[in-house]
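**Student:** Before we start, here is the structure in question, set down as structure tokens.
Each reported figure results from applying straightforward, stated rules to the coordinates on display, with no laboratory input. The structure displayed is predicted, hence computed values, not measured ones. Glycine gets a Cβ as well: all are built from the backbone with ideal geometry, and neighbour counts include every protein chain shown.
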Amino acid sequence: MQVESFKVFRDLVDTESFSKAAQLNFVTQSAVSQQIRSLEEKFHTPLIERSSKRFSLTREGHILYATSKEIIYAYDKLQHQISEMRNVVSGTIRLATVYSIGLHELPPYLKVFLKEYPNVHVHVEYRRSNQVYDDVLDGTRDIGLVAFPVQKKNLKIEPFLKDHLILICHPQNPLASHKEVTLDAISHQKFIGFEPDIPTRKAIDKIFKEANVSMSPSMEFDNIETVKRAVEIDAGVSIVPRATVQQEIKNGTLIAVEFKGFTIHRPLGIIYRNGRVLSPAVKRFIKTLHEHPAFSESSVKQ
């Protein structure tokens, strides 16, 4: 029996989806079904409760699932140990992140990493924040980069960067002539916000609530690029990470204004699943994210 059969079964149970298990193992859904039937024939017992509307395992299926995880963990660990002994760093890193991080924070780290490890392919997928967590937890992606990271079961979080949030406005907006503004001053402006389920939006809402300042966005978008374009046409003001508007500030299409009396930071985190053995490539990539402070907020301001 091949190790791949145990991996297919483990991935099927983790995702509760034949299509996702097929995607993770680069096979068809039919091939997944065939491998499950082969396992059932090998052990002479059903592994999946086919009479149930929801995905569920038989008692024997639960035992095989636990053992499959142990087998795959040991096999992956062996492979990675041999690769590290041979100093071989290759393969594919599957990374999921939100637009603001992927487009503005990640590129310099990728450049350094790929220069040092040209045999590694990094596939970046842009997703909503909740989808990044789902992709990492179900194994579709090796690691994720998120803002305001939230601890979840079976998830490991490591700190990455801290963004500096600022107010942005059109050059002709009355606030553009100010070096600093209060939250109350912003409340009198049309506000361009992120959609309510986005972590940065939740953090901004909390700041206004704690200051007893009323704020109701006139427009809401799901990504940083659309927010910036709305402010550039003077549809309102917004609060965004400074790193995401460096080019617009340089070009003079947007004005950045600090907050009076306080600073807002947006913590970024690296997430990956507990219990999965990280490949040498993923380990080196995470190390690159930690070891290049030259790309931190302080350097972005210069």
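**Student:** Just to be sure I understand, if you calculate Rg and Dmax of the Cα atoms in Å for this structure, which of (1) 28.5, 117; (2) 23.4, 77; (3) 33.9, 107 do you get?
**Tutor:** (2)
**Student:** Any chance you could check the Cα centroid distance between segment 56-78 and segment 188-207 for me, in angstrom?
**Tutor:** When both Cα centres are located, 43 Å separates them.
**Student:** Tell me the angle of helix 107-116 to the major Cα principal axis of the chain, expressed in degrees between 0 and 90 and rounded to the nearest ten.
**Tutor:** The angle comes out at about 50 degrees.
**Student:** Please work out whether segment 162-266 counts as rounded, prolate or oblate from its C-alpha gyration tensor, where a ≥ b ≥ c are the square roots of the eigenvalues and a/c under 1.5 means rounded, while otherwise a/b larger than b/c means prolate and anything else oblate?
**Tutor:** The shape class here is rounded.
**Student:** Could you let me know the centre-to-centre spacing of segment 88-102 and segment 28-42, using Cα atoms, in angstrom?
**Tutor:** Segment 88-102 and segment 28-42 have Cα centres spaced 31 Å from each other.
**Student:** A further question on this structure: In percent, how large is the relative contact order of segment 12-83, given Cα pairs closer than 8 Å and 6 or more residues apart?
**Tutor:** Once divided by the residue count of segment 12-83, the mean separation gives 16 percent.
**Student:** How many lysine pairs in segment 3-85, separated by 8 or more positions in sequence or lying on different chains, have Cα atoms less than 15 Å apart?
**Tutor:** So the count of such lysine pairs works out to 4.
**Student:** Can you give the calculated 222 nm mean residue ellipticity of the chain, where each DSSP H run of n ≥ 4 adds -39,500 (n - 2.57) and the sum is split over every residue, rounded to the nearest 500 deg cm²/dmol?
**Tutor:** -13500 deg cm²/dmol
**Student:** Once R0 is set to 22 Å, what does the formula 1/(1 + (r/R0)^6) return for the Cβ-Cβ distance between Ala235 and Thr182, expressed as a FRET efficiency to the nearest 0.05?
**Tutor:** 0.50
**Student:** If you build a Gaussian network model of the chain, linking Cα atoms that sit under 10 Å apart, which residue out of Ala211, Ala176, Ala22 swings the most?
**Tutor:** Comparing Ala211, Ala176, Ala22 in a Gaussian network model of the chain, the most mobile one is Ala211.
**Student:** Scan the chain and report its longest stretch carrying no chymotrypsin sites (Phe, Trp or Tyr not before Pro) that are both in a DSSP loop and have at most 12 other Cβ atoms within 10 Å.
**Tutor:** 27-261
**Student:** A further question follows. Under a straight-distance cross-link criterion of Cα-Cα below 24 Å, which lysines are reachable from Lys260, leaving out those fewer than 8 residues away in the same chain?
**Tutor:** Cross-link targets: Lys162, Lys179, Lys190, Lys202, Lys206, Lys209, Lys228, Lys250, Lys301.
**Student:** Relative to the longest principal axis of the chain, what angle (0 to 90°, nearest 10) does the C-alpha long axis of helix 3-15 take?
**Tutor:** Result, in degrees: 50.
**Student:** Okay, moving on. Using 0.36 nm per residue of separation minus the Cα-Cα distance, give me the extension gain between Lys153 and Ala66 in nm, one decimal.
**Tutor:** In short, 29.6 nm is gained.
**Student:** In which sequence would Val213, Val240, Val124 go, from the one with the fewest C-beta neighbours within 10 Å to the one with the most?
**Tutor:** Fewest-to-most Cβ neighbours within 10 Å comes out as Val213, Val124, Val240.
**Student:** If you don't mind, there's one more thing I want to ask. Simple spin-label model, 7 Å along Cα-to-Cβ: Lys115 to Glu49 in nm?
**Tutor:** Here the modelled spin labels are 5.6 nm apart.
**Student:** Put a dot 7 Å past each Cα toward the Cβ at Gln2 and Gln81; how far apart are the dots in nm?
**Tutor:** Label at Gln81, label at Gln2, 2.4 nm between them.
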